């Protein structure tokens with residue numbers, strides 16, 4: 001009888017330890033996902049800080065391109081007003097801003113003096129580096145989200161996760177218009 005009680009106690013301790021260990025691993029992967037999102041947030045802030053300098057530099061060269069510059073500033077301001085917790089809306093606003101920035105990149109092709117401007121070149125390089133870091137941060141976020149989602153959707157996570165209100169995290173997706181293959185034509 002004593003052996004049965006000892007075995008039951010040992011099994012209960014093992015089960016409790018396994019439960020605690022798995023719960024902690026879910027929390028860790030969720031925290032990694034949060035940390036990955038914070039990296040995206042840092043890069044978005046960096047890009048938003050670069051944009052006013054870039055717009056001011058372009059203004060002197062492209063006075064009649066005011067619509068392009070206004071559009072970039074409007075998109076930047078929209079991104080700044082999105083609630084931090086709304087990842088999908090933040091990325092949608094960020095994608096719109098990226099599209100607007102393409103207009104500034106195109107302006108440099110139309111204005112050779114602007115393209116030759118050293119400050120403009122440095123700002124464009126910083127912005128390009130930030131866009132690359134942002135793309136990497138998005139990949140890291142999605143990888144972290146996959147790990148987390150796998151933890152909560154496989155056994156025993158699929159039992160533990162609902163008890164503690166852990167839910168699936170959505171991935172950041174590429175906008176559908178960016179998935180289209182660009183049209184290339186050599187006919188003018």
Quiz item: Tally time: how many residues in the stretch 140-180 are closer than 20 Å to residue 45 by Cα and at pLDDT 95 or above?
Solution: 3
Practice problem: Please work out which residue is farthest from the chain's Cα centre (by Cα), limiting yourself to the stretch 142-157 and to residues that are loosely packed, with under 12 Cβ neighbours inside 10 Å and not in a helix (DSSP H, G or I). | Solution: 155
Quiz item: Can we say residue 187 is assigned to a helix (DSSP H, G or I) and either at pLDDT below 95 or more than 20 Å from the chain's Cα centre (by Cα) (or both)?
Solution: no
Quiz item: Does the stretch 11-29 contain any residue that is surrounded by 16 or more Cβ atoms within 10 Å (Cβ to Cβ), outside any helix (DSSP H, G or I) and at negative phi?
Solution: no
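The values are calculated or read from the model by the stated rules, or taken from the named source; none is laboratory data. Computed from a predicted structure; not experimentally measured. A quick note on method: Cβ atoms are made from the backbone with ideal geometry, for glycine too, and the neighbour counts reach across all protein chains shown.
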